[in-house]
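J.: My questions will all concern the structure given below.
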Amino acid sequence: MSDVTRTAPWQQLDRHRSELEAVDLRGLFAADPGRAQRLSVTAGDWYIDYSKHRITDTTVGLLLDLARAAGVESHRDAMLAGEHINTTEDRAVLHTALRLPRSATLPADGANVVPEVHTVLDAMAGFAEKVRSGTWRGATGQTITTVINIGIGGSDLGPAMVARALRHYADGPDARFVANIDPADLTAQLSGLDPARTLFVVASKTFTTIETLTNATAARRWLVAALGEDAVAAHFVAVSTNATKVAEFGIDPANMFGFWDWVGGRYSVGSAIGLSVMCAIGPARFAEFLAGMHTVDEHFATAPLEANAPVLLGLLGVWYASVLGAQTRAVLPYSQDLARLPAYLQQLTMESNGKSVRRDGSPVDHDTGEIFWGEPGTNGQHAFFQLLHQGTRLIPADFVGFATALEDLPTRDGTGSMQQVLLANMLAQAKVLAFGKTAAEVAADGTDPALVAHKVMPGNRPSTTLLAPALTPSTLGQLIALYEHQVFVQGVIWGIDSFDQWGVELGKTQALQLAPALTDEADPDTGDSSTDTLVRTIRRWRRK
Ligand code: F6P
């Protein structure tokens with residue numbers, strides 16, 4: 001397995017880092033009026049400005065050399081062709097097949113997967129239309145007004161983020177989401193609901209996840225208590241790859257929507273895992289969402305590396321995480337509807353690339369796995385932006401915004417619109433981060449000399465601005481695919497398997513082992529004094 005740090009571009013980038021210490025974004029922009037035009041790229045409807053980064057044309061050239069040296073194109077082609085690039089699980093990685101048009105062909109493991117994908121999409125559409133039109137009735141003959149998706153991780157974050165983002169397009173039943181085994185999650189979502197008009201979608205790729213099966217069992221008890229055992233068939237459907245377990249749980253496999261082991265959980269929002277979203281917005285809008293993803297898949301597959309948005313953005317992430325030593329990336333949607341985007345992207349990037357060994361098991365000796373975090377603007381400006389502007393850390397940021405609002409409102413004096421102010425804030429923040437304000441400029445404002453140092457804005461703080469005309473099913477699908485492929489590019493460069501997640505298993509096993517200790521009578525012997533003491537404390541407080 002090749003070690004990327006031994007490639008010439010990696011070593012050149014490492015040396016190039018010190019050359020960049022002599023320049024800053026102010027100087028780079030002042031010296032180069034064509035910078036913004038050159039350092040920008042479009043993908044589908046997205047215009048992406050990456051000119052406010054600590055890079056020069058040399059940096060971009062070296063990063064592209066790195067992509068070539070790591071074999072980004074051949075790995076991409078192998079993924080898109082259905083090769084088993086998830087080597088530790090010996091699986092193909094074909095979430096892109098979920099958004100292929102009906103007419104496409106994609107042989108994986110010897111069979112064309114596209115017909116199966118569309119058979120499931122058709123079944124989902126048939127079911128969603130029945131629920132939406134009122135043809136699907138609950139056990140008492142009433143129509144469904146609320147669909148609750150019970151799932152966790154990729155079986156929750158994708159549909160929950162998308163349902164919230166596309167609320168403007170929702171004209172079907174209310175979509176709600178329950179994930180946590182904390183009983184507060186289910187009870188809060190069930191509160192005020194009429195069991196006779198509630199449908200549960202139990203979403204789990206494996207159908208073995210304890211949180212999901214426990215919540216589904218509790219939801220089933222809630223329903224049966226109100227409507228009786230016979231009501232289950234009309235109020236529970238499943239989304240899974242595991243028909244046997246679905247049947248064991250008591251859901252008729254006829255009411256199961258399948259997907260395949262070549263769809264990773266965090267890449268599954270375009271699969272049947274999106275059923276709750278389809279019920280809310282309808283099959284036609286869901287098809288637009290998938291088509292948006294496909295647009296960026298095509299861009300990723302065909303655009304030359306120097307004009308390939310996911311490649312460029314993925315490389316920038318490598319530049320900051322592995323070369324410049326940035327610890328995190330802030331994701332700042334200037335869109336309240338995208339409030340769950342940072343959480344969704346956290347699973348996407350951190351479960352995919354949070355690895356410290358390469359595909360052959362050898363340890364990496366550089367940082368991998370970007371840490372994403374963030375909140376919508378402008379809220380974040382009144383919370384953590386102080387640290388972004390004047391703190392000691394290097395935190396590249398992604399600003400994500402839309403030129404138009406779906407429902408705009410006038411400003412206080414009626415001369416402008418709230419979306420206009422929102423956008424002005426987004427632009428201002430990126431501008432201030434990049435260009436700051438010097439001591440001379442602060443002093444020239446007549447600032448008390450004692451305060452000048454406090455008011456200096458250092459600038460030279462990097463950001464990408466991702467801009468689309470409006471938040472639509474299509475532009476949202478495009479945005480998701482943009483990030484999915486960035487994560488892929490980074491995984492190839494770091495030489496890791498982005499599609500397994502062994503690191504989450506041990507905690508699950510130990511939780512199962514520890515659960516009885518919380519109610520046992522014998523003095524706890526969990527293997528360490530910290531856990532023993534915590535168990536004793538919990539027992540004492542639970543007895544009170
Ligand atoms: O624990 C991690 C994980 O396996 C994720 O990768 C996955 O998205 C989530 O759990 C839920 O898994 P499932 O869909 O099988 O219930």
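J.: Could you tell me which GluC sites (Glu not before Pro) in the stretch 463-544 are loop residues by DSSP with no more than 14 other beta carbons within 10 angstrom of their beta carbon? Mind dumping the intermediate values first?
T.: On the way: sites: E484, E505, E521; in loops: E521.
Passing sites in the stretch 463-544 are E521.
J.: Could I ask something else about it? To the nearest 10 Å², what's D448's accessible area with a 1.4 Å probe?
T.: Here the accessible area works out near 80 Å².
J.: Shape call for the stretch 448-544 from the C-alpha gyration tensor, a ≥ b ≥ c root eigenvalues: rounded (a/c under 1.5), prolate (a/b greater than b/c) or oblate?
T.: Oblate.
J.: Ranked highest first by the average count of other Cβ atoms within 10 Å around their residues, in what order do 267-273, 358-364, 471-477 fall?
T.: Working: 267-273: 28.0, 358-364: 13.3, 471-477: 23.4.
The most tightly packed comes first, giving 267-273, 471-477, 358-364.
J.: Moving on to the next point. Rolling a 1.4 angstrom probe over the protein heavy atoms, how many square angstrom per residue are accessible across the stretch 135-219? Intermediate results must be reported in sequence, preceding the final value.
T.: On the way: 3110 Å² over 85 residues.
That works out to 37 Å² for each residue.
J.: Long-range amide H contacts for F200: which residues qualify at under 5 Å (H placed 1.01 Å from N, peptide plane, sequence gap of 5 or more or a different chain)?
T.: I148, F236, V237
J.: Okay, moving on. How much length, in nm to one decimal, is gained on full extension between D14 and N255, taken as 0.36 nm per residue of separation minus their Cα-Cα distance?
T.: Between D14 and N255, full extension yields an extra 81.3 nm.
J.: How many Å² of accessible area per residue for the stretch 1-116, probe 1.4 Å?
T.: Counting only protein heavy atoms, the per-residue value for the stretch 1-116 is 48 Å².
J.: Using unit Cβ charges (K, R positive; D, E negative) and no other charged atoms, how large, in debye to the nearest 20, is the dipole of the stretch 359-437 about its Cα centre?
T.: Dipole about the Cα centre, nearest 20: 360 debye.
J.: Would you mind working out the magnitude of the charge dipole of the stretch 80-203 relative to its Cα centre, with +1 at each Lys and Arg C-beta and -1 at each Asp and Glu C-beta, to the nearest 20 Debye?
T.: Details: 10 positive and 13 negative charges, 103 e Å.
For this selection, approximately 500 debye.
J.: Can you give the FRET efficiency to the nearest 0.05 for E306 and Q327, using r as the Cβ-Cβ distance and R₀ = 30 Å?
T.: 0.60
J.: Moving on. Which of the listed residues, F488, H382, F399, is farthest toward the dipole's positive end in the stretch 380-509, when Lys, Arg count +1 and Asp, Glu count -1 at the beta-carbon?
T.: Checked the options; the winner is H382.
J.: If you don't mind, there's one more thing I want to ask. Treating only the Cβ of Lys, Arg, Asp and Glu as charged (+1, +1, -1, -1), what charge dipole size does the stretch 11-60 show about its Cα centre? Round to the nearest 20 debye. All intermediate terms of the calculation are to be shown ahead of the outcome.
T.: Details: 7 positive and 8 negative charges, 12 e Å.
My answer is approximately 60 debye.
J.: Moving on to the next point. Indicate the helices, whole DSSP H runs only, in the chain that combine a mean Kyte-Doolittle hydropathy of -1.0 or more with a Cα extent along their long axis of 30 angstrom or more.
T.: For the chain, where a helix must reach 30 Å along its axis and average at least -1.0, the hits are 473-494.
J.: Calculated from DSSP H runs of 4 or more alone, at -39500 (n - 2.57) each and per residue, what is the 222 nm mean residue ellipticity of the chain, nearest 500?
T.: My calculation for the chain gives -13000 deg cm²/dmol from helical runs alone.
J.: Under a plain spin-label model, where a point goes 7 Å from the Cα along Cα-to-Cβ, how far apart in nm are T58 and A78?
T.: That separation, rounded to one decimal, is 3.3 nm.
J.: Please work out how much length the chain gains when fully extended from L394 to D109, using 0.36 nm per residue of separation minus the C-alpha to C-alpha distance, in nm with one decimal. Before the final figure, lay out the partial values.
T.: Working: separation 285, 0.36 × 285 = 102.60 nm, distance 4.45 nm.
Taking L394 through D109 to full extension adds about 98.2 nm, to one decimal.
J.: Straight-line reach from K355: which aspartates and glutamates have a Cα under 19 Å away, not including same-chain ones fewer than 8 places off?
T.: Qualifying aspartates and glutamates at Cα under 19 Å: D3, E89, D90, D365, D367, E370, E484, D497, D500, E505.
J.: Considering the dipole of the chain built from charges on the beta carbon (Lys and Arg +1, Asp and Glu -1) around the Cα centre, which of N242, G151, G172 is farthest to its positive end?
T.: Comparing the listed Cα positions along the dipole, G172 ranks first.
J.: For the stretch 281-428, what is the percent of antiparallel DSSP beta bridges, rounded to the nearest 5?
T.: The answer is about 20 percent antiparallel.
J.: Can you give me the Cα centroid spacing of the stretch 256-299 and the stretch 476-501 in angstrom?
T.: Cα centres, the stretch 256-299 to the stretch 476-501: 17 Å.
J.: Could you compute the net charge surrounding T241? Neighbours are other residues with a C-beta less than 10 Å from the C-beta of T241; K and R count +1, D and E count -1.
T.: Value of the local net charge: +1.
J.: If you count, for each residue, the other Cβ atoms within 10 Å and average over each peptide, how do 116-124, 199-207, 212-220 line up from highest to lowest?
T.: With the highest mean Cβ count within 10 Å placed first, the list reads 199-207, 212-220, 116-124.
J.: Let me ask something else about it. Could you check how much of the accessible area of the chain is carbon and sulfur, as a whole percent, using a 1.4 Å probe?
T.: 54 percent
J.: What is the local net charge at L476, summed over the other residues whose Cβ is closer than 14 Å to its Cβ (Lys, Arg +1; Asp, Glu -1)? Write down the numbers at each step before the final one.
T.: Working: positive: R99, R164, R167, R285, R340; negative: D45, E288, D337, E484.
Here the charged neighbours net out to +1.
J.: Could I ask something else about it? Please compute the modelled spin-label separation between W373 and S2, points set 7 Å along Cα→Cβ, answer in nm with one decimal.
T.: The two pseudo-label positions are separated by 3.5 nm.
J.: Residues of the stretch 20-58 with amide nitrogen under 13 Å from the 7 Å Cα-to-Cβ point of A440?
T.: 27, by backbone N distance to the label point.
J.: Order R91, R542, R15 by their accessible area, 1.4 angstrom probe, all chains in place, largest first.
T.: My answer, sorted largest first, is R542, R15, R91.
J.: Right, another one. Evaluate the distance, in nm, between pseudo-label points positioned 7 Å from the Cα of L409 and of N180 along their respective Cα→Cβ axes.
T.: 2.8 nm
J.: Enter the Cα centre distance for the pair the stretch 89-113 and the stretch 357-436, rounded to the nearest angstrom.
T.: The stretch 89-113 and the stretch 357-436 have Cα centres spaced 35 Å from each other.
J.: Could you tell me the relative contact order of the stretch 272-376? Use alpha-carbon pairs under 8 Å, at least six residues apart, and round to a whole percent.
T.: Here the relative contact order equals 26 percent.
J.: Also: Suppose the chain between R221 and E298 were pulled fully straight at 0.36 nm per residue; how much longer would it get relative to their current alpha carbon spacing?
T.: Separation in residues times 0.36 nm, less the Cα-Cα distance, equals 23.1 nm.
The values are calculated or read from the model by the stated rules, or taken from the named source; none is laboratory data. Computed from a predicted model, the values in this text were never measured in an experiment. Quick reminder, even Gly has a Cβ in these numbers, built from the backbone with ideal geometry, and neighbours come from all protein chains shown. Accessible surface is based on the protein model in full, side chains and every heavy atom, while ligands, DNA and RNA are left aside. Shrake-Rupley method; radii C 1.70, N 1.55, O 1.52, S 1.80 Å.
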